[in-house]
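Here is the structure we will look at, set down as structure tokens.
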Amino acid sequence: MTQDELSDRFLDFAVRVGKAVDALPKSRLARHVAGQLIRCGTAAGPNYEEACAAESRADFIHKLLIALKEMRESRYWIRLISKAPLLPQKRMMPLLDESTQLCNILGKSVVTAKSKTSRTR
């Protein structure tokens, strides 16, 4: 997968998060979850973009780790939406699956970057 393809996946994920947030009911819990999810669900992509323009390998790893943290948090809020249930699980499962895949990609990228760093020392 190229950087542009992965970047597009993060962008698509952010759009899907926005649509899910807009579909949430107007309850107190839903408003709280909406605010949290919209922040983290739209943050992983820009952090990935910053990683792509990193000034060093350490900077690259750091920014990938931030993107991973945001994606893991997104996955948590998506799971809560399903479990509460604020939206039907059937609607949230594809978004949960994509968040898991993106977490796995970021995690593997961090491991690879760290292993390359340790080999160059």
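The values are calculated or read from the model by the stated rules, or taken from the named source; none is laboratory data. Keep in mind that what you see is a predicted model, and the values were worked out from it rather than measured. Don't worry about glycine lacking a Cβ; one is built from the backbone with ideal geometry, like all the others, and counts go over all protein chains shown. Keep in mind that these areas ignore ligands, DNA and RNA; they rest on the heavy atoms of the full protein, side chains included. Shrake-Rupley method; radii C 1.70, N 1.55, O 1.52, S 1.80 Å.
What to note about this one:
- For the stretch 20-25, the Karplus equation 6.51 cos²θ - 1.76 cosθ + 1.60, evaluated at θ = phi - 60°, returns couplings of 5, 4, 5, 8, 5, x Hz by residue, with Gly and Pro reported as x.
- Where the chain is the region considered: accessible area per residue in Å², 1.4 Å probe: 60
- Modelled label positions at Lys90 and Tyr76, each set 7 Å beyond Cα in the direction of Cβ, lie 3.0 nm from each other.
- Applying both filters, DSSP loop and at most 14 other Cβ atoms within 10 Å, to the GluC sites (Glu not before Pro) of the stretch 8-101 gives Glu55.
- More than 16 angstrom apart: percent of Cα pairs within the chain: 59
- Gain upon complete extension [Arg31, Ala53; 0.36 nm per residue less C-alpha separation]: 4.5 nm
- Set of lysines with alpha-carbon distance to Lys83 below 24 Å, sequence-local pairs under 8 removed: Lys19, Lys26, Lys69
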